């Protein structure tokens, strides 16, 4: 395991006009770590994810993936560097098949060129078979292989969430950003999701950064937690430390009084 963080930010920030949406955000995540990013609605969590995936360009600070500064890259270039994400609102290719949703994420690893694709060369067929098998193996991890030919929009909500994660895994990322994966799930689906997150981390050895409002999920699965409010970090530490932090309780967790 490398001593270099898979993901590191230094004084990261972004302004929208006169509004500082994220200010002086610093985080380091090592290979295999599972870290939570929490805070109230409007705290800037998704803005952080958008910075970390090239949707927004930072106005301050730096982003490093495995030691390489990646400021200014486009979203597809961030994927090539090893970062993938899911979204608050599921963004599948809903009229495509389940397996095609996963296969399309393998695009950057395909070895044949345009000519080979047009002429259906041997390399084309070999690569298509490899990608198909890879996609099917990923679907098996989430018990979706029997629904490989289903139209994605016909899957139940919880299975669509799993498909989105399987698609992200197909990019062979170093770090996976999960943006409220339990949103809209019932307790059974949430429990299955928790098992899936642990399985992903253990099987692939990747780092995971998780935004989530379900505190039972966060406290059960995350090794460390960073808390932001109004774009600034107000606490970081172990789940037990964060849950008892007065600033976090006041800003986000509330009290029983």
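Just so it is clear, none of the values below were taken in a lab; they were calculated from the coordinates. Remember, predicted model here, so these are calculated numbers, not experimental data. Don't worry about glycine lacking a Cβ; one is built from the backbone with ideal geometry, like all the others, and counts go over all protein chains shown.
Among 157, 56, which comes first, then next, by fewest other beta-carbon atoms within 10 Å?
Details: 157 12, 56 16.
The order, fewest Cβ neighbours first, is 157, 56.
By how many degrees, between 0 and 90 and to the nearest 10, does the Cα long axis of helix 187-204 differ from the longest principal axis of the chain?
On a 0 to 90 degree scale, this one is about 70.
Roughly speaking, what is the stretch gain from residue 199 to residue 130, that is 0.36 nm per residue apart minus the C-alpha to C-alpha distance, in nm to one decimal? Can you show the working numbers first?
Details: separation 69, 0.36 × 69 = 24.84 nm, distance 2.31 nm.
Length gained, residue 199 through residue 130: 22.5 nm.
Measuring from label point to label point, each 7 Å out along Cα→Cβ, what is the residue 56 to residue 97 span in nm?
3.9
For the chain, with a Gaussian network of springs between Cα atoms less than 10 Å apart, report the residue from 79, 55, 188 with the top mean-square fluctuation.
188
Quick check: residue separation of residue 76 and residue 104 times 0.36 nm, minus the Cα distance between them. What number comes out in nm?
Working: separation 28, 0.36 × 28 = 10.08 nm, distance 1.30 nm.
Length gained between residue 76 and residue 104: 8.8 nm.
For residue 69 and residue 191, compute 0.36 nm times the residue count separating them, minus their Cα-Cα distance, and round to one decimal in nm.
Result for the pair: 40.3 nm of gain on full extension.
Looking only at the chain, where both bridge partners belong to it, what percent of the DSSP beta bridges are antiparallel (to the nearest 5)?
Around 55 percent antiparallel, to the nearest 5.
Do the sum for the chain: with -39,500 (n - 2.57) for every DSSP H run of n ≥ 4, divided by all residues, what is the mean residue ellipticity at 222 nm, to the nearest 500 deg cm²/dmol? Working shown, then result.
Details: 9 runs with 90 residues, N = 257.
The helix contribution divided over the chain gives -10500 deg cm²/dmol.
Using r as the Cβ-Cβ distance of residue 19 and residue 137, and R0 as 41 Å, what FRET efficiency do you calculate, to the nearest 0.05?
With R0 = 41 Å, the Cβ-Cβ based efficiency is 0.35.
Could you give the angle, 0 to 90 degrees to the nearest 10, between helix 157-169's Cα long axis and the longest principal axis of the Cα atoms of the chain?
That helix lies at roughly 80 degrees to the long axis.
With springs only between Cα atoms under 10 Å apart, run a GNM on the chain and tell me which of 47, 190, 146 wobbles the most.
Largest GNM mean-square fluctuation: 146.
Modelling each spin label as a point 7 Å along the Cα-to-Cβ direction, I'd like the residue 232/residue 213 distance in nm, to one decimal.
My value for the distance between the label points is 2.5 nm.
Which FRET efficiency value, to the nearest 0.05, is calculated for residue 26 and residue 145 with the Förster distance at 51 angstrom and r the Cβ-Cβ distance? Write out the running numbers ahead of the final one.
Values: r = 41 Å, r/R0 = 0.80.
The calculated FRET efficiency here is 0.80.
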